[in-house]
Structure formats: structure tokens, C-alpha cells
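Below: one structure, written as C-alpha cells.
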Amino acid sequence: MKKSALQKARAAYQPKLPYALKGSVVAVEGNPTQSVADQEEIKHLFPNTYGLPEITFEKNPNPTVGKPINVGVILSGGQAPGGHNVISGLFDGIKKIHRDSKLYGFLMGPGGLVDHNYVELTAPIIDEYRNTGGFDIIGSGRTKLEKVEQFDKGLEILKDLNIKALVIIGGDDSNTNAAVLAEYYKKIGAGVQVIGVPKTIDGDLKNSLIETSFGFDTATKVYSEVIGNIQRDCNSSKKYWHFIKLMGRSASHIALECALQTQPNVCLISEEVEANNQTLDQIVEYIAGVVARRAEDGNNFGTVLVPEGLIEFIPAMKRLIAELNDILAANATQFASLSPAEQREYIIKNLTPENSAAYASLPEGVARQLTLDRDPHGNVQVSLIETEKLLSEMVGRKLAKMKEEGKYKGKFATMHHFFGYEGRCAAPSNFDADYCYALGYNASCLINSGVTGYMSSVRNLVKPAVQWVSGGIPITMMMNMERRNGELKPVIQKALVDLDGKPFKKFAAQRGQWAVETCYIYPGPIQYFGPAEVCDQPTLTLQYEKLDK
Ligand code: FBP
């Protein structure tokens, strides 16, 4: 395959490892843990993997010779930059344990395990993918591993290949699957460990011991580059308002980080909208107010960042979506057999009056997007809802009204963008290349120490890589009970934007000025070679959260 000049140069990049991982390690156990909420229920559902201690790796003063081990790996869910480095770190780690160890990749996500589709990942294959973006080395998928039949079917192939440990690289839902699988294999004495790795560009899989999920750094840098470019364009022609939707299915971490990096005129934060119980009309009024204020200074241009998950955080919409989820889950077959017009009527007739009115008031296109198929985890596919167009249309209408009332005199011409796929497979930044390699290598250490139901954890990330601290945390520690597909299920608690946290407070303190003045920052493209202060900086979210800045 022909490679670009950058690809060739990047292939030679040697990711940095924390000091403790440069050699043989010893696992130091911390205190027993408990789940973040619903302790009794989670303990009851995970009797074999609940309450385990945190683990930290330290250098082993008395290294021992390891035995060959066969390991399986799965990439699960949406792509995130650095997945290939997790796999190459894992590969190098198990080869370090013993050179006869083998790594098998299950193809196209968890489905590959169940359907027995796999490939042995040998050194020449791994070398092709080091420091590259994408998940194409083995592909990814969103099959939910939840049924005992799937676990048993998976075990058949794990036994056939003599695989003793399975690494699941995924987001909150996929790591929930990992915990369920770990519990089941432990219960039946299958002899297969399960280890999770925190992946998602959304940045919502984090807690005190998982400081960030991988991919967030690169993706937000890519989006911030393009937002900066758009801002420079609109500051040059001064004639468009750009409505930019950013991925992040639930949490607004991506939008917030991009806002901190680029200083747009408006950035909505879903968590704030929910906390303030804001309606769609109030959001529209706020944006229209900023547009009108800038128009007074002759600035008929600007940027509005819209988090992808916004709609689900507007309380009235949230109630509507929750009821829609239950109705659609309970009547899937009947609903699918109806024509689009009948489906609309069916929904309006079957919803409670308040939700029915909210549904009927939405533009038909958006209303329809709310009833599209859920993903296998029961989530609304928010990336398919064109919130940026919905908002700009409503702002346009509001401004027209304000014009009639003599409250607005400007021009309002709009452009729409959706940035998501542009960043999910970018070549990992130095941060993500190092972090991912360390997460994968660290997973091999967790396997070697014999644990199961743990997530690979590398922390102290605002420090140089050599000072990073590595270890593992029991996945059950991150769990609580949530309603999914109409049922209460144990799931990893999502980390939403903390409105009392530093990143949000920094943003909130400056947004008034950004709205009226033109304070754009143009971050430019990710730099892979050059001084550390240009190439190795973690996200501002991490810096504000962890440093006294
Ligand atoms: P994960 O949570 O699986 O990492 O996926 C994140 C994400 O990129 C979201 O930001 C987005 O809503 C979703 O995936 C889109 O997924 P798909 O491309 O499968 O529709």
C-alpha cells in the first residue's frame, strides 16, 4: 500500500512509556473498591468481580521469566485515534512476557468473537499500523455482548485458540460488556481473563483513576483546527454565521474543549441546558440575542458550537425521548411495518399528552430523526439529528420577528457543519500515540498479574510520559443502575461535563466577551515533530482539571 510522507515518518515514532513499565513490573494492591452508586444491586449482579482492589504497577526488583500467553483483542464501538497503538502496545507487552505469546484480533467488533472471525496479529501486520489512526487493523462494530449464548459461543473459539485473556477496547457500553463477560467467565471457571481499555473521542469515560479516554485529545485537536480555519474565514469575509455541530453523543466535553481552544461566539453546553431547565425557545433566544448584539457593531458573522447530544438534554425533549425509547422498544415490529406518515400518527397517538404536543411541535424532519433505529445499546443515534440546522432555522425565524419589532437590523446568512467523522480516525497526536501504547502495554501487565474485570489505567497525564502512573481499576467500581431499552441495567456511569469543574468555569467566565467581541484563536493542525510545547500538550480540559492553572 502506498504511504504518505507523514505516514512513513510516523511509522518510526517510538511511543514513550511510563518509567514503571520499562521493564518487569510488580502489582501493588490498594484498598477494596465499591461501585459509584447502587452498591447493593451491583454487588449482587457481580458477586465474583465486585469490590476488588485498585492496582498500581511498580518496577519489579526481582524480574521473573514469564510463560507464553495467547491473548484476544476486540475493538468496539466508534473509532478513536490511537486504537492501533493500544494493539501494538499490547502486542509488544505480551511478546516481552514471552516471545512465543500470540495475539489474535477478532474482526469487526464483539461480533467477531461470537461468529469466530479472527486473524492472528503477527509482527509484520502490527508494524504496518503503528502510530496510525483508524481501527482498520481488525475493524470495529457495535454488537452488544449481553447474552449467555454469545458468551458461550465466544468461549468456544477462545478455547480453540488457547486464549487466556481477552482485551476489549471500547467506550462505557463496551466496557460494561467487558465487566459482564468477566463476571460470567469467572463464575463458570472458564479460565479467561477480561480486561477493558478506555476508548472514546467523547471523553465521557473518565473518573478519578481514568483521567481521560483515548482519542479525545486528537479528535478535539482536529476539530479545533477546522473550527479555527472557519473562524478565520468568517472573520475575513464577515458575512456568515457558522453553526457547527460536534460529536459527543451525550456529554459536551468535545464542544467545551473546542470552545476553550478556539473561543467561538457561542458554545452550548448540554449539561448546563439541563441544569437550568432550558427550553428550546430559550436556547434560540440566547443565540438570537448574540447575533443581534454583534449586528449592532456591524458584525454579521460568527460561530456557534452545538454539542451533538444537546436535544437529549433539553428537559422537555429528554422526557419525550425517554418515552419514545420505551414505546419503540416495546412495539418495534409493529412500528417498523408502518409507513412514515402512519409512524408519525402512531407516535402522536401513543405518547402522553405533554410529550405528544412536544413531538408534534417539532419540524417533521427532526421529529422523524428522533424515531430512527436505536443503536444496539438502546441509544438514540444523535449523530443523525440535524440540531445545527434546527437551531439556525429557529434563530432565523426569531430574528425575522425581532426585525419586524425593530429590535434587529442585521443580516443573517448561515452555513452548517458537522464535525465527527473528520477526527475519529486522524493520526494520533503524540499524546494519544503515547497514551494508547501505554494503555495497551499496561493491559499486558494486568493480564500477566492474573486479574480479570479490570480496566487498564494510566494516569498523571499532564506530566511527561515517563512520570505517568499505571495500573488497573475494577470496572464494577465505575458502575451504577440505569434505565436502558425500558429495563434497569448495570452500566458504567457516564462522566458528563461538571458545571463546578474548572474547564466549564474557565469557559463560563469568558463567554460573554467571546460573544460580543471577536476573540478567535486559530490552533492550526496537530504537530507531530517539533518542540514538546507545540507537539505534546494534553487537552486544556486535562490541564485545567489537573493543574493549578
Ligand atoms: P463511542 O462512544 O462508541 O466511542 O462512539 C462515539 C461516537 O463517535 C459519538 O460521538 C457518535 O455519536 C457516535 O460514535 C456515532 O457512531 P456511528 O458512527 O456508529 O453512528
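The values are calculated or read from the model by the stated rules, or taken from the named source; none is laboratory data. All values derive from a computational prediction rather than experimental measurement. Cβ sites come from the backbone with ideal geometry, for glycine too, and all protein chains shown count toward neighbours. Surface areas here come from the heavy atoms of the whole protein model, side chains and all, with no ligands, DNA or RNA. Shrake-Rupley method; radii C 1.70, N 1.55, O 1.52, S 1.80 Å.
Worth a mention:
- Inter-label distance, V119 to D136: 1.1 nm, where each label sits 7 Å from its Cα along the C-beta direction.
- Share of carbon and sulfur in the accessible heavy-atom surface of the chain [1.4 Å probe, %]: 51
- Simple Cβ-charge dipole of segment 258-387, Lys/Arg +1 and Asp/Glu -1, about Cα centre, in debye nearest 20: 120
- Student exercise, the chain dipole from Lys, Arg, Asp, Glu Cβ charges, in Debye to nearest 20: 1160
- If R0 equals 22 Å, the separation of the Cβ atoms of S337 and L372 corresponds to a calculated FRET efficiency of about 0.90.
- Two-site FRET efficiency, K147 against K349, from Cβ-Cβ distance with R₀ of 30 Å, rounded to 0.05: 0.35
- With Cα atoms defining each centre, segment 64-128 and segment 160-178 are spaced 11 Å apart in the structure.
- Taking every DSSP beta bridge that has both ends in the chain, the antiparallel portion is near 40%.
- For a label point 7 Å along the Cα-to-beta-carbon line of S361, residues of segment 286-329 with backbone N under 12 Å: 315-317
- Here the chain is treated as an ellipsoid with the same Cα gyration tensor; its semi-axes, largest first and in whole Å, are 41, 29, 20.
- The heavy atoms of E41 offer some 90 square angstrom of accessible surface to a 1.4 angstrom probe.
- For the residue pairs K96/K199; K16/K494; K95/K489; K3/K67, the C-alpha atoms sit more than 27 angstrom apart in K16/K494; K95/K489; K3/K67.
- Selection from I269, C258, L310, by position along the positive dipole direction of segment 254-343 (Cβ): C258
- Rounded to the nearest 5, the antiparallel percentage of DSSP beta bridges internal to segment 1-141 is 65%.
- Cα centroid of segment 425-459 to Cα centroid of segment 345-416, whole Å: 41
- Approximating the spin labels as points 7 Å out from Cα along Cα→Cβ, the Q39-to-A509 distance works out to 3.6 nm.
- Accessible area per residue in Å² at 1.4 Å probe, computed on segment 144-221: 27
- Packing, taken as the mean count of other beta carbons within 10 Å per residue, orders the peptides 387-396, 451-460, 402-411, 496-505 from highest to lowest as 451-460, 387-396, 496-505, 402-411.
- Of the residues N300, A329, T279, the one whose Cα sits farthest toward the positive end of the charge dipole of segment 269-351, with +1 on the Cβ of Lys and Arg and -1 on the Cβ of Asp and Glu, is A329.
- Residue (of S457, G512, P538) at the positive-pole extreme of segment 410-549, dipole from beta-carbon charges: G512
- Calculated on the alpha-carbon coordinates, the convex hull of segment 60-189 measures out at 120 cubic angstrom per residue.
- Label-to-label distance, M415 versus N276, with points set 7 angstrom from Cα along the beta-carbon direction: 2.8 nm.
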